[in-house]
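Engineer: Submitted below is the structure of interest, expressed as structure tokens.
The values are calculated or read from the model by the stated rules, or taken from the named source; none is laboratory data. The structure displayed is predicted, hence computed values, not measured ones. So basically every Cβ, Gly included, is an ideal-geometry build from the backbone, and we count neighbours across all protein chains shown.
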Amino acid sequence: MQKSLLKIGFMPITDHLVLGVSCEHDCRKFKNVDLQPVQFHSWQILSDTLTTGEIDGAFILAPLAIQLNASGVKIKLICLGHREGSVLVVRPDINKVAELKGKIIAIPHTYSTQALLLYTLLTDAGLDYKKDIQIIEIDPSDMLDALKKGNIDSYIVAEPFGSQAEEEFVGKVLTTTQLIKKHHTCCVLVMREEVLDQHHDAVQEVINSIVEAGEFIYKHPKHASRIGAQFLDQKPATVLRALTAQGGRVISWDLLPLVDEFTEIQNDVVDKMKLPLQKIQISNFVMTKYVEHAYANLVALIGKKEKKKQAIEKIVFPIIIFLLFFVGWQLFSTFGLFDRSLLPSPIDVAKAIKELFIEGHIVVDILASLWRVFAGFVLATLFAVPVGLLLGSRKKIEYAFEPFIQTVRTISPIAWIPVAILWFGIGDQPAIFIIFITSIFPILIATMNAVKNIDPLIIKSAVNFGARGFNLMSKVILPAAFPYIVTGLRVTLGIAWVIVVAAEMVGMQSGLGFMILDARNFLRTDLIIAGMVIIGCIGFILDRFMTLLEKKIQKNRLSGARYLE
Amino acid sequence: MKKEQIFIKNVNKCFSSGEPDELYALDLTNLSIIKGEFFCILGLSGCGKTTLLNIMAGFERPTNGKVLIEGKEVLGPNHKYVTIFQESGLFSWRTVLDNVRFGLEIDGIEHERSIEIAMKYIRLVGLEGFETKYSNELSGGMKQRVALARALAVDPEIIFMDEPFSALDTLTRINMQEEVKRIWKETGKTIIFVTHDIDEAIYLGDKIAVMTPRPGKINTIFNVILGETRNKLDKEFLEIKKQIYKELGLSL
């Protein structure tokens, strides 16, 4: 598809830096548009060129844009170039606004925001814009020279010509325009109407890029000032000063034009400054849809970047760690310490896993192990949570039982295996019993601690309203402790999964533990390690599942607890 | 006729450490509070005012003496007299509505009816529209409003308030003071209000008992005879303030 060629006029001022940054970032990447910035040095020439249609759009002073439209040039205002961003520079010996009386002040154009702001400043200081000072029009890039030569006493213009005067010690910044009118608009991007009609997508792409550039300048002024130095023929330090002095003299992060702002500018130009201008209907002149779309796009983009970053942190990095491990393992088994038959390579193990699943019995083993863990864990939960609630809420009972619990708890679940087999024979029961024994104590202790850590004020309030006994337990203590109990359950499930394998190695005829033992009897180390890998993977999935459950319960304003009630 | 509702009879409380010189946190002679009164207990921190409130509300037992409410000795907490604390003590797993319903639920009030009552008090404290919110979605001031609605819902005879606004920012606190005053007028409950804020006490109270520490004692009870609307800059207001400062041994 043919790209639309868009020529956009600008002046070498920081107010138009968004265009430079936009082009630097995106000009080579645009899909629909071939964007060509065209530099001017005079507002008059820029506006004449726009009138003839030699350029398609321009960054231009808002009052001048209104005046052009009023005189019949078919343009629309579609985006701001910036907000604030101008300075009043004076000779070093001038210290107050009042001292400007009788002086020569340069403005960039009769229909300029700067003239309007100067008018406001002088009026507030009790001076008459028309009578008390002499106004002359000079192109922005010539102002500094004129001040140097002494042809003028002061000028009001866009940055970086204030920062430049400061850096060269020619003049000083008497005030910035943000102090005259906070957040004021100044230069706007206008486009010829026929361009908007014919090249909608191209314009949208440019505006998206400009809005992103605005955000970029705000977030990375240093980087932006380097781009700006080239774009504006300035020193980076000068641009950086303009972007950061006084907390930033130029605002680039809010480019949404508001109809009211321009109505006010138009009214001020006509009613206060008494400049000749046929008032136009501003709401027809200002078109916000491009910028609104661009900001929606920007928000989505930032969200996407954030997600991408998180995805890298949470998925890519862990995968790298696993890969490093496998590479290390592979090297270790290739050159390594142990014979290949003792330490198979990851590839051998992958083949073994494949073999296991093709043969199919592994599925039965996995289900057997999972069932034992599930049954023992659920039984233990049903027993240990209520007991934990009771122990946690009654000091006397806790004191009585605590030493007993701590004693039994220290007996390894493995030590219970022989008696479990004697009591329950072979089959699932002894394994379930072992898991039950394994799970009881961590759940019990987690529940007790959860209850003990409930804010006493909650209990006090509940008791005040007459909650006692079962009511207090079920309506207050359990729901208040529930999120912490769930954490205990998650940890316990992990332990249970560790123990079930051990239990299955002694006296079981199925399950993952048995499978590993069986493989050892056939000296199949590849199958042994395959079994270990499978155990690890399932343990990981169980933990993630419980973590998810835990987060959901704690995030949903503890509504899981509500459900329990 | 003015009816005496709470009577404190020679109450003292010591936190015994087993030593012979036991530390008395509180040592009160007789004190009575009239039904419907807004009774402030004012004192600097550590003067035993919270201990006194806890004893009245039944959360603590006095070492000697007793507290009578409606002629009956207070032996434990009871939902006929509900306490509001510095922190709201809301149930985080319940919505605003279900928090306010809590006491009614415990009383076995039928579900539909309990919602009706709860809504009435949610409206009274100005939280209509927030029924389905959870406490972590509410500001500090809103939480205290919920706590107030939850207390009012069980139609208690007395509401104890233990520095209920001291954790709030100044503007919210002033706002809540007005609210409590309005609700007190609308419901006619007896309110026992513990505070260390002198302005707050004069602004709200019919009576102000000024406590001095070690052991906690009430030497003077000020009758605040200011009108319905109180201005913290009025001459009379400042006069009472001056007296209280003097009583507390502070210089103005």
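Engineer: For the stretch B:110-150: of the residues being over 21 Å from B:TRP184 (Cβ atoms) and touching a strand residue (DSSP E or B) at 6+ places or on another chain (Cβ under 7 Å), which is surrounded by the most Cβ atoms within 10 Å (Cβ to Cβ)? Outline the logic, then answer.
Structural biologist: If we filter the stretch B:110-150 for residues that are over 21 Å from B:TRP184 (Cβ atoms), which is where we start, we get B:110-116, B:129-139.
With the extra rule that they be touching a strand residue (DSSP E or B) at 6+ places or on another chain (Cβ under 7 Å), the set shrinks to B:131-134.
Values: B:GLU131: 16, B:THR132: 10, B:LYS133: 17, B:TYR134: 21.
Filtering the stretch B:110-150 for residues that are over 21 Å from B:TRP184 (Cβ atoms) and touching a strand residue (DSSP E or B) at 6+ places or on another chain (Cβ under 7 Å), the one surrounded by the most Cβ atoms within 10 Å (Cβ to Cβ) comes out as B:TYR134.
Engineer: For the stretch B:222-239, enumerate the residues that are touching a residue at least 24 places away in the same chain (Cβ under 8 Å) and aliphatic (A, V, I, L, M).
Structural biologist: Within the stretch B:222-239, just B:LEU226 meets the criteria.
Engineer: If you don't mind, another one. Within the bounds of the stretch A:453-464, is there any residue that is more than 9 Å from chain B (Cβ to nearest Cβ), touching a helix residue (DSSP H, G or I) at 6+ places or on another chain (Cβ under 8 Å) and farther than 27 Å from B:LEU53 by Cβ?
Structural biologist: no
Engineer: On to the next question. Look through the stretch A:158-191, keep the residues that are over 36 Å from the mean Cα position of the chain (by Cα) and buried (at least 24 other Cβ atoms within 10 Å of the Cβ), and return whichever of them is nearest to A:LYS96 (Cα to Cα).
Structural biologist: Result: A:GLY171.
Engineer: Further, regarding this structure: What's the total number of residues in the stretch B:55-88 that are in contact (Cβ under 8 Å) with a residue 60 or more places away in the chain and of a type outside the set (Gly, Ala, Ser)?
Structural biologist: 14
Engineer: Continuing with this model, one more query. Among the residues of the stretch A:327-350 satisfying the criterion of being farther than 15 Å from A:THR525 by Cα and aliphatic (A, V, I, L, M), which is nearest to the chain's Cα centre (by Cα)?
Structural biologist: This residue is A:VAL327.
Engineer: Would you confirm, using the coordinates I've provided, whether B:LEU44 is part of a loop (DSSP other than H, G, I, E, B) and within 14 Å of chain A (Cβ to nearest Cβ)? Write out each step before concluding.
Structural biologist: Working: part of a loop (DSSP other than H, G, I, E, B): yes; within 14 Å of chain A (Cβ to nearest Cβ): no.
Against the criterion (part of a loop (DSSP other than H, G, I, E, B) and within 14 Å of chain A (Cβ to nearest Cβ)), B:LEU44 does not qualify.
Here is a yes/no grid of residues against (1) buried (at least 24 other Cβ atoms within 10 Å of the Cβ); (2) part of a helix (DSSP H, G or I); (3) in contact with a His (Cβ under 9 Å, 6 or more places away or on another chain):
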{"site": "A:LEU6", "(1), (2), (3)": "no, no, yes"}
{"site": "A:HIS16", "(1), (2), (3)": "yes, yes, yes"}
{"site": "A:CYS23", "(1), (2), (3)": "no, yes, no"}
{"site": "A:HIS41", "(1), (2), (3)": "no, no, no"}
{"site": "A:GLN44", "(1), (2), (3)": "no, yes, yes"}
{"site": "A:LEU50", "(1), (2), (3)": "yes, yes, no"}
{"site": "A:PRO63", "(1), (2), (3)": "yes, yes, yes"}
{"site": "A:ILE66", "(1), (2), (3)": "yes, yes, no"}
{"site": "A:ASP93", "(1), (2), (3)": "no, no, no"}
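Engineer: A follow-up question, please. How about the stretch A:275-300: which of its residues are more than 30 Å from A:ALA115 (Cα to Cα) and among the hydroxyl-bearing types (Ser, Thr, Tyr)?
Structural biologist: Correct list: A:TYR295 only.
Engineer: Could you list, in sequence order, the residues of the stretch B:159-186 that are β-branched (Val, Ile, Thr), within 15 Å of the chain's Cα centre (by Cα) and either part of a helix (DSSP H, G or I) or more than 23 Å from B:SER135 (Cβ to Cβ) (or both)?
Structural biologist: Narrowing the stretch B:159-186 to residues β-branched (Val, Ile, Thr): B:159, B:170, B:172, B:174, B:180, B:183.
Adding the requirement that they be within 15 Å of the chain's Cα centre (by Cα) leaves B:159, B:180, B:183.
The answer is B:VAL180, B:ILE183.
Engineer: Any chance the stretch A:327-334 includes a residue that's more than 24 Å from A:MET505 (Cβ to Cβ) and β-branched (Val, Ile, Thr)?
Structural biologist: Scanning the stretch A:327-334, I find at least one residue that is more than 24 Å from A:MET505 (Cβ to Cβ) and β-branched (Val, Ile, Thr), so the answer is yes.
Engineer: Which number in (1) in a helix (DSSP H, G or I); (2) touching a Phe, Trp or Tyr at 6+ places or on another chain (Cβ under 7 Å); (3) within 12 Å of another protein chain (Cβ to nearest Cβ); (4) not polar (S, T, N, Q) marks the one condition that B:PRO156 misses?
Structural biologist: Checking B:PRO156 against (1) in a helix (DSSP H, G or I); (2) touching a Phe, Trp or Tyr at 6+ places or on another chain (Cβ under 7 Å); (3) within 12 Å of another protein chain (Cβ to nearest Cβ); (4) not polar (S, T, N, Q), the one that fails is (1).
Engineer: Considering only the stretch A:392-413, state which residues are small (Gly, Ala, Ser) and closer than 23 Å to A:TYR484 by Cβ. Break it down into steps so the answer makes sense when it comes.
Structural biologist: Restricting attention to the stretch A:392-413, the residues satisfying the condition of being small (Gly, Ala, Ser) are A:392-393, A:400, A:412.
Within the stretch A:392-413, A:GLY392, A:SER393 meet the criteria.
Engineer: While we're looking at this one, here's another question. Across the stretch B:94-150, what is the number of residues that are of a type outside the set (A, V, I, L, M), part of a loop (DSSP other than H, G, I, E, B) and away from chain A (no Cβ under 11 Å)? Let's see the steps before the verdict.
Structural biologist: Quick first cut of the stretch B:94-150, residues of a type outside the set (A, V, I, L, M) only: B:94-95, B:98-99, B:101-103, B:105, B:107-108, B:110-114, B:116, B:120-121, B:123, B:126, B:128-137, B:139-141, B:143-145, B:150.
With part of a loop (DSSP other than H, G, I, E, B) added as a condition, the list becomes B:94, B:107-108, B:110, B:126, B:128-133, B:139.
Pick out the ones that are also away from chain A (no Cβ under 11 Å) and you get B:110, B:126, B:128-131, B:139.
Of the residues in the stretch B:94-150, 7 are of a type outside the set (A, V, I, L, M), part of a loop (DSSP other than H, G, I, E, B) and away from chain A (no Cβ under 11 Å).
Engineer: Here is a follow-up. Tell me whether the stretch A:485-503 contains one or more residues that are part of a helix (DSSP H, G or I), within 14 Å of another protein chain (Cβ to nearest Cβ) and closer than 30 Å to B:THR83 by Cβ. Lay out the reasoning, then the answer.
Structural biologist: Going through the stretch A:485-503, the residues part of a helix (DSSP H, G or I) turn out to be A:485-503.
Next, from what is left, pick out any that are within 14 Å of another protein chain (Cβ to nearest Cβ): A:485-486.
Applying the additional criterion that residues be closer than 30 Å to B:THR83 by Cβ yields A:485.
Yes, some residue in the stretch A:485-503 is part of a helix (DSSP H, G or I), within 14 Å of another protein chain (Cβ to nearest Cβ) and closer than 30 Å to B:THR83 by Cβ.
Engineer: Something else: Cβ-Cβ distance below 7 Å, separation of 6 or more or different chains: which pairs start in the stretch A:278-293 with a residue that is not assigned by TED's automatic domain parsing to the domain that holds A:ASP254 and end on one that is in a helix (DSSP H, G or I) and loosely packed, with under 15 Cβ neighbours inside 10 Å?
Structural biologist: Between residues of the stretch A:278-293 that are not assigned by TED's automatic domain parsing to the domain that holds A:ASP254 and residues that are in a helix (DSSP H, G or I) and loosely packed, with under 15 Cβ neighbours inside 10 Å, there is no close pair.
Engineer: Only one residue in A:ILE353, A:ILE421, A:ILE414, A:ILE362 is touching a residue at least 12 places away in the same chain (Cβ under 8 Å), closer than 27 Å to A:LEU523 by Cα and surrounded by fewer than 18 Cβ atoms within 10 Å (Cβ to Cβ), so which one is that? First the steps, then the outcome.
Structural biologist: Working: A:ILE353 fails: surrounded by fewer than 18 Cβ atoms within 10 Å (Cβ to Cβ); A:ILE421 fails: surrounded by fewer than 18 Cβ atoms within 10 Å (Cβ to Cβ); A:ILE362 fails: surrounded by fewer than 18 Cβ atoms within 10 Å (Cβ to Cβ).
From the options A:ILE353, A:ILE421, A:ILE414, A:ILE362, the qualifying one is A:ILE414.
Engineer: Being at pLDDT below 90, assigned to a helix (DSSP H, G or I) and either assigned by TED's automatic domain parsing to the domain that holds A:LYS551 or under 30 Å from B:LYS143 (Cα atoms) (or both) narrows it down to one residue among A:PHE470, A:PHE433, A:PHE441, A:PHE404; which is it? First the steps, then the outcome.
Structural biologist: Details: A:PHE433 fails: at pLDDT below 90; A:PHE441 fails: at pLDDT below 90; A:PHE404 fails: at pLDDT below 90.
It is A:PHE470.
Engineer: Just one of (1) closer than 14 Å to A:ILE499 by Cβ; (2) in contact (Cβ under 8 Å) with a residue 24 or more places away in the chain; (3) in a loop (DSSP other than H, G, I, E, B) trips up A:ILE454, so point out which.
Structural biologist: All conditions pass for A:ILE454, except number (1).
Engineer: Please find, within the stretch B:69-92, the residue that is surrounded by the most Cβ atoms within 10 Å (Cβ to Cβ) out of those that are facing chain A (nearest Cβ under 7 Å) and at negative phi. Walk me through how you get there before you give the answer.
Structural biologist: Residues of the stretch B:69-92 that are facing chain A (nearest Cβ under 7 Å), as a first pass: B:77, B:79, B:82-83, B:85, B:87, B:89, B:91-92.
Remaining after also requiring at negative phi: B:77, B:79, B:82-83, B:85, B:87, B:91-92.
Values: B:PRO77: 20, B:HIS79: 20, B:VAL82: 28, B:THR83: 26, B:PHE85: 20, B:GLU87: 18, B:PHE91: 24, B:SER92: 17.
It comes out as B:VAL82.
Engineer: Looking for whichever is within 24 Å of B:LEU148 (Cβ to Cβ) and modelled with pLDDT of 90 or more here; the options are B:GLU105, B:GLU87. Which one fits? First the steps, then the outcome.
Structural biologist: Details: B:GLU87 fails: modelled with pLDDT of 90 or more.
Criteria check complete, one pass: B:GLU105.
Engineer: What single numbered condition from (1) surrounded by fewer than 19 Cβ atoms within 10 Å (Cβ to Cβ); (2) in contact (Cβ under 8 Å) with a residue 12 or more places away in the chain; (3) within 14 Å of chain B (Cβ to nearest Cβ) fails to hold for A:LEU517?
Structural biologist: Against the list (1) surrounded by fewer than 19 Cβ atoms within 10 Å (Cβ to Cβ); (2) in contact (Cβ under 8 Å) with a residue 12 or more places away in the chain; (3) within 14 Å of chain B (Cβ to nearest Cβ), A:LEU517 comes up short only on (3).
Engineer: Moving on to the next point. If you go through the stretch A:117-127 one residue at a time, do you hit one that is touching a residue at least 40 places away in the same chain (Cβ under 8 Å) and either assigned by TED's automatic domain parsing to the domain that holds A:LEU232 or more than 16 Å from A:LYS101 (Cβ to Cβ) (or both)?
Structural biologist: The answer is yes; a qualifying residue exists.
Engineer: Spot the failing condition for A:ILE55; the list is (1) over 27 Å from A:ALA245 (Cα atoms); (2) touching a residue at least 60 places away in the same chain (Cβ under 8 Å); (3) part of a loop (DSSP other than H, G, I, E, B), and only one is missed.
Structural biologist: Every listed condition holds for A:ILE55 apart from (2).
Engineer: Need at least 2 residues that are of a type in the set (Asp, Glu) per element, so show me which helices (runs of 4 or more DSSP H) inside the stretch A:275-346 make the cut, counting only ones lying wholly within it. Walk me through it before giving the result.
Structural biologist: On the way: elements: A:282-285, A:289-311, A:317-335.
Helices (runs of 4 or more DSSP H) meeting the threshold: A:289-311.
Engineer: Do you know which residues across the stretch A:306-350 are surrounded by 13 or more Cβ atoms within 10 Å (Cβ to Cβ), out of contact with any Pro (no Cβ under 7 Å at 6 or more places or on another chain) and among the small types (Gly, Ala, Ser)?
Structural biologist: Once the filter is applied, which keeps residues that are surrounded by 13 or more Cβ atoms within 10 Å (Cβ to Cβ), out of contact with any Pro (no Cβ under 7 Å at 6 or more places or on another chain) and among the small types (Gly, Ala, Ser), the stretch A:306-350 yields A:GLY336, A:SER345, A:ALA350.
Engineer: Name the single residue that is nearest to A:LYS181 (Cα to Cα) among those in the stretch A:96-119 being among the hydroxyl-bearing types (Ser, Thr, Tyr) and touching a Phe, Trp or Tyr at 6+ places or on another chain (Cβ under 8 Å).
Structural biologist: Residues of the stretch A:96-119 among the hydroxyl-bearing types (Ser, Thr, Tyr): A:110-113, A:119.
Filter once more, so that each one left must be touching a Phe, Trp or Tyr at 6+ places or on another chain (Cβ under 8 Å): A:112, A:119.
Working: A:SER112: 15, A:TYR119: 12 Å.
Checked the stretch A:96-119; the qualifying residue nearest to A:LYS181 (Cα to Cα) is A:TYR119.
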